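The values are calculated or read from the model by the stated rules, or taken from the named source; none is laboratory data. Computed from a predicted structure; not experimentally measured. Glycine gets a Cβ as well: all are built from the backbone with ideal geometry, and neighbour counts include every protein chain shown. Surface accessibility is based on the protein's heavy atoms, side chains included, excluding ligands, DNA and RNA. Shrake-Rupley method; radii C 1.70, N 1.55, O 1.52, S 1.80 Å.
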Amino acid sequence: MAEQKPHLNLAFIGHVDHGKSTTVGRLMYETGAVDPHIIDEYKKEASAKGKATFEFAWVMDSLKEERERGVTIDIAHQRFDTSKYYFTVVDCPGHRDFVKNMITGASQADAAVLVVAVPDGVMAQTKEHVFLSRTLGVNQLIVAMNKIDATKPPYDEKRFNEVKDEVGKLLRMVGYKLEDIPFIPISGLMGDNLAKPSEHTKWYKGPTLLDALNNLKVPQKPTNLPLRVPVQDVYTISGVGTVPVGRVETGVMKKNDKIIFEPANVSGEVKSIEMHHEEVPEAYPGDNIGWNVRGVSKKDIRRGDVCGHVDKAPTVAKEFKAQIVVLQHPSAISAGYTPVFHCHTAQIACTITQILAKLDPRSGTVKEENPAFIKAGDAAIVMVTPSKPMVIEPVKEIPQMGRFAIRDMGTTVAAGMCMTVTPR
Amino acid sequence: MGEAAVRMKIMPESTDVDLGKLTEDIKKAVPSFARLHAIEEMPIAFGLKALIVVTIMNDKGGHSPEEIESALSKVPGVESVEVEEVGLL
């Protein structure tokens, strides 16, 4: 039964016009998620309208209305099945205004397909999306080297290798291990190397896109990491007492656990945990819970505090080092800039005290030490001082607690991840 | 680029807030660039219920999910609004 297959959330990322929707459409088609009969109908219609080359993208557009009707309280994603898994496709909104929500939101992609058009190579958005997927903690990546049919000459191995090298440098810079990442020459439009090896790319010996999807692993829930529950809101409920609510990010919370809230620096004991109005003995990553705390009053803690176990308390940063990418900024960012950092449920003004290095996304090397400023499109290593105590932890230790979005003047200026922390 | 759905979790100030009235007030407060798609009560814990609200907006820029978040935060009785998920349709 399809329902019994393990499930993975798959994000499609990449530069606009590099063929994300065509590739998704072709995958849906190849895996039988779209009735071939319907596709044929659309093909005929698209060809009659002179849009034959866009047939799959057009199919996806035509099905959009249907999908909107399918949206209920859960945002309906497109779904397809391979022999091993069932996938729901997370199609990331194109505009940068949505970035903050991708970082602080509950939805999390288990893997991503980076679509790069081989004729074009790495573009601005390719760079941005690679950095964001890393920031968002997407550790499994497949690079779909799309439009391989449109190189000059078509199916050109030399051009494939040039772009592969370029993308590889970018991936290495943000910390991906290249040996784990397949680079697959595909054509979403023509179907090359999607479901079966293409006759046109005999020089390519690796997996097809469907094989690569089957080779993905279901990520383990981060239950082995220290407990971290960012506080969303705090209530006093008559007959019960103090009840913070929030989503467990990492670790496991059990009844009677000794817990501490940071930076509030108050500790207590878990009396009981409820989820969906039912008492549960334990809460796991992803659970939305309310927990009744003994020894802590509502006025002691607030939104943005983080709950952890007393013996492995959340780290309060005096300052931290971070890698950021500037998404948009009208002018330039220099030392002294103080925007608002959105990290888990906290929103705190922080000062960029020092720009240590500007990175070259194409080579992954330091382009400039101690630059005077950075601009939109730049990736950089910076030192940051929060204006008041704040919990943030290195992504290498607790990935869920180290990502942030930087906002200023109503827009998301940058996104980043914490590398090291100087504790308070 | 296209239509994006934005799902939010809205927490009331206390268990005493009338969620029926809050639902009506939220419906009226959705900014005009977005449209309300669905709104539903979700039990959380100890009698507390959240409202899950799904709105649909264009992702081509000009408006951001934060504008919806901030408009709904101002509705009396709302403690917090958190965007849980965004996705293209």
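Brief remarks follow.
- Residues in the range A:320-331 that are in contact with a Lys or Arg (Cβ under 7 Å, 6 or more places away or on another chain) and open to solvent by 40 Å² or more (accessible area, probe 1.4 Å): A:Q328 alone.
- In the range A:259-301, residue farthest from the other protein chains (Cβ to nearest Cβ) [restricted to those that are surrounded by fewer than 16 Cβ atoms within 10 Å (Cβ to Cβ) and of a type in the set (G, A, S)]: A:G295
- Residue match in the range B:53-64 (condition: part of a strand (DSSP E or B) and of a type in the set (S, T, N, Q)): yes
- Output for the range A:302-330, where each listed residue is more than 14 Å from chain B (Cβ to nearest Cβ) and in a loop (DSSP other than H, G, I, E, B): A:A313, A:P314, A:T315, A:H329, A:P330
- Residue pairs whose Cβ atoms lie under 9 Å apart, separated by 6 or more positions or on different chains, with the first residue in the range A:281-301 and touching a residue at least 12 places away in the same chain (Cβ under 8 Å) and part of a helix (DSSP H, G or I) and the second among the aromatic types (F, W, Y) and open to solvent by 10 Å² or more (accessible area, probe 1.4 Å), do not occur.
- The range B:62-89, residues that are of a type in the set (A, V, I, L, M, F, W, C) and within 8 Å of another protein chain (Cβ to nearest Cβ): B:V83, B:V86, B:L88, B:L89
- Applying the set (1) loosely packed, with under 15 Cβ neighbours inside 10 Å; (2) more than 7 Å from chain A (Cβ to nearest Cβ); (3) under 24 Å from B:L88 (Cα atoms) to B:I10 leaves exactly one unmet item: (1).
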